[in-house]
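Take a look at the structure set out below.
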Amino acid sequence: MNPYIAEVIGTAILIIFGGGVVANVVLNETKGHESGWIVITWGWAIGVFMGVFTISQVSGGHINPAVTIGLAAAGLFDWAQVPIYIAAQTLGAFLGGVVVWLAYKDHFAATEDEDVKLAIFSTSPEIRNYRANMLTEVIGTFVLVFGVLYLNSAGFLDGASGEFLRTITIDGQEVGFGLGALSALPVALVVLGIGLSLGGPTGYAINPARDFGPRIAHAVLPFPHKGSSDWAYSWVPIVGPIIGALLAAGLYHAL
């Protein structure tokens, strides 16, 4: 599979699970109506797991421009590929938002509250204070990307040389350390923890594509009682995560 197509697919899977669980909780006449924040955070975590697990052997399973930028800033990814990865992730997020709308189309029609419909596609703050909201997104994304950087760098210290080993030779064959595709599981658990611990103020976008792509879907899809796509806030879940990713990469280098 082409790695850019893989990022489209992986990010779409993320949004199908994540946007889907929000739709299940907030839209009228669903089986999961008003089942709460714990359900939402678990749905997003499973979305991360499935999205990363499915494509990580092809593209690395970034599914998040902040992760892509953080890896590039840490010297673990080619900067030349960053714009294409981000475009693929945004497209995937848009397509995921469309799929969620198709799955819950009747429930969109049965719900009049414009704000809860927007919440399916994008984040919004509980208290609108742009500086504070951006700081929350910076902190959440810092935690995510810092964790990803060390998961990506799994290995051992050589007792004799003190060097950090990423591979070892066994019977003449070089073997790498790490969890492979299963590294999706600890990443998903980090996202679950961020949602439970830091998600209250802004809804923890921690992913520019996760917010921007579905927000475009919200703007163009034809459903009643849609309301504003809140473009005035849309820069926060883009700028905040990018800053958080760069700070995480900076600390990774410093350590």
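The values are calculated or read from the model by the stated rules, or taken from the named source; none is laboratory data. Here the structure is a predicted model, which means the values were calculated and not measured. When we count neighbours, we look across all protein chains shown, and the Cβ atoms used for this are built from the backbone with ideal geometry, even at glycine. Each accessible area value is taken on the protein alone, full model and side chains, heavy atoms only, with ligands, DNA and RNA left out. Shrake-Rupley method; radii C 1.70, N 1.55, O 1.52, S 1.80 Å.
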Review point. (1) modelled with pLDDT of 95 or more; (2) surrounded by 14 or more Cβ atoms within 10 Å (Cβ to Cβ): which one isn't true of residue 197, the others all being true?
Key: (2)
Exercise for review: Kindly indicate the residue of segment 102-124 that is in contact with a Gly (Cβ under 9 Å, 6 or more places away or on another chain) and open to solvent by less than 20 Å² (accessible area, probe 1.4 Å) and also farthest from residue 212 (Cα to Cα) among those meeting that condition.
Suggested key: 117
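Regarding segment 78-92, can at least one residue be identified that is over 18 Å from the mean Cα position of the chain (by Cα) and either closer than 30 Å to residue 112 by Cβ or of a type in the set (Phe, Trp, Tyr) (or both)? Don't jump to the end; show me each part of the working.
Keep residues of segment 78-92 that are over 18 Å from the mean Cα position of the chain (by Cα), which gives 78-81.
Okay, now just the ones that are also either closer than 30 Å to residue 112 by Cβ or of a type in the set (Phe, Trp, Tyr) (or both), so 79.
Looking for residues that are over 18 Å from the mean Cα position of the chain (by Cα) and either closer than 30 Å to residue 112 by Cβ or of a type in the set (Phe, Trp, Tyr) (or both), one finds at least one in segment 78-92, hence yes.
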Review point. Considering only segment 30-70, how many residues are over 14 Å from residue 151 (Cβ atoms) and in a helix (DSSP H, G or I)?
Key: 22
Point to revise | Members of segment 20-36 that are of a type in the set (S, T, N, Q) and open to solvent by 50 Å² or more (accessible area, probe 1.4 Å) | key: 28, 35
Check your understanding: Limited to segment 7-50, what total is found for residues that are touching a Ser or Thr at 6+ places or on another chain (Cβ under 9 Å), farther than 16 Å from residue 117 by Cβ and either of a type in the set (D, E, K, R) or modelled with pLDDT under 95 (or both)?
Key -> 1
**Study point:** Those residues of segment 199-241 which are in a helix (DSSP H, G or I) and under 12 Å from residue 119 (Cβ atoms), in sequence order
**Key:** 211, 214, 215, 218
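What residue, of 232, 249, is buried (at least 18 other Cβ atoms within 10 Å of the Cβ), at pLDDT 95 or above and farther than 17 Å from residue 61 by Cβ? If you could, list the steps in order and put the result at the bottom.
Details: 232 fails: buried (at least 18 other Cβ atoms within 10 Å of the Cβ).
The match here is 249.
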